[in-house]
1. So for region 25-48 (the condition being open to solvent by 30 Å² or more (accessible area, probe 1.4 Å), farther than 16 Å from residue 108 by Cα, polar (S, T, N, Q) and in contact (Cβ under 8 Å) with a residue 60 or more places away in the chain), does at least one residue qualify?
2. Could you list, in sequence order, the residues of region 72-83 that are surrounded by 12 or more Cβ atoms within 10 Å (Cβ to Cβ) and assigned to a helix (DSSP H, G or I)?
3. Return the total of residues in region 102-130 being open to solvent by less than 40 Å² (accessible area, probe 1.4 Å), more than 13 Å from residue 38 (Cα to Cα) and of a type outside the set (Gly, Ala, Ser).
4. Which condition number in (1) without any contact (Cβ under 8 Å) to a residue 60 or more places away in the chain; (2) touching a strand residue (DSSP E or B) at 6+ places or on another chain (Cβ under 6 Å) is the one that residue 66 fails?
5. Looking at 122, 47, 107, 127, which is the one that is farther than 23 Å from residue 6 by Cβ and among the aromatic types (Phe, Trp, Tyr)?
6. Can you find a residue that is assigned to a loop (DSSP other than H, G, I, E, B) and open to solvent by 80 Å² or more (accessible area, probe 1.4 Å) anywhere in region 58-67?
7. I'd like to know if region 15-23 contains one or more residues that are out of contact with any Gly (no Cβ under 9 Å at 6 or more places or on another chain), of a type in the set (D, E, K, R) and open to solvent by 30 Å² or more (accessible area, probe 1.4 Å).
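The values are calculated or read from the model by the stated rules, or taken from the named source; none is laboratory data. None of these values were measured; they are calculated from a predicted model. Heads up, the Cβs are rebuilt from the backbone with ideal geometry, glycines too, and the neighbour counts pull from every protein chain shown. The area values use the complete protein model at the heavy-atom level, side chains included, leaving out ligands, DNA and RNA. Shrake-Rupley method; radii C 1.70, N 1.55, O 1.52, S 1.80 Å.
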Amino acid sequence: VNTRRNKKLVKYILIHIENYLSRTSLLEEDANITIEHILPENPSEKWVELFKLEEAEEYIYLLGNYTLLEEGKNSKLSNQMGFSDKLTQYKTSVYKLSNTELNYTEWSPTVIRNHQDKMAKWAIHIWKSRYVN
């Protein structure tokens, strides 16, 4: 899924995962719910240690690199912040995707792939089909 130009799809998927995890009924139309790029779209020097420029471009738009955050909390974050700084805000979020499921000490290519695999397993439960075994 190319998420670069399809933020509505990203929000839809993340909200359904959040509803599954927290047993809530959030709606995509809620303006307070924003999507957050954990590895920023324009990464600062703090991220260069873990991601080469070409590599960063590959990981920025993976679903595993997104989380949900309240609009007010998201506006306090910047591209200059590293993962540990962002994690402080994530832990205060009402969304389980941010406050519980981002239980990592770093944010690296391996962690993003592992997190995305975990999200895929949740998605299988959310969008079950009786036509697929």
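1. No, because not a single residue in region 25-48 is open to solvent by 30 Å² or more (accessible area, probe 1.4 Å), farther than 16 Å from residue 108 by Cα, polar (S, T, N, Q) and in contact (Cβ under 8 Å) with a residue 60 or more places away in the chain.
2. 73, 74, 83
3. Step one: filter region 102-130 for residues open to solvent by less than 40 Å² (accessible area, probe 1.4 Å), giving 102, 107-109, 111-112, 115, 119, 122-123.
With the extra rule that they be more than 13 Å from residue 38 (Cα to Cα), the set shrinks to 119, 122-123.
Okay, now just the ones that are also of a type outside the set (Gly, Ala, Ser), so 119, 122.
Looking only at that region, the number is 2.
4. The single condition residue 66 does not satisfy is (1).
5. 47
6. Of the residues in region 58-67, the ones assigned to a loop (DSSP other than H, G, I, E, B) are 61-62.
Among the residues that remain, those that are also open to solvent by 80 Å² or more (accessible area, probe 1.4 Å) are: none.
Among the residues of region 58-67, not one is assigned to a loop (DSSP other than H, G, I, E, B) and open to solvent by 80 Å² or more (accessible area, probe 1.4 Å), which makes the answer no.
7. Step one: of region 15-23, the residues out of contact with any Gly (no Cβ under 9 Å at 6 or more places or on another chain) are 15-23.
If we keep only those that are of a type in the set (D, E, K, R) as well, we get 18, 23.
Filter once more, so that each one left must be open to solvent by 30 Å² or more (accessible area, probe 1.4 Å): 23.
Checked region 15-23: at least one residue is out of contact with any Gly (no Cβ under 9 Å at 6 or more places or on another chain), of a type in the set (D, E, K, R) and open to solvent by 30 Å² or more (accessible area, probe 1.4 Å).
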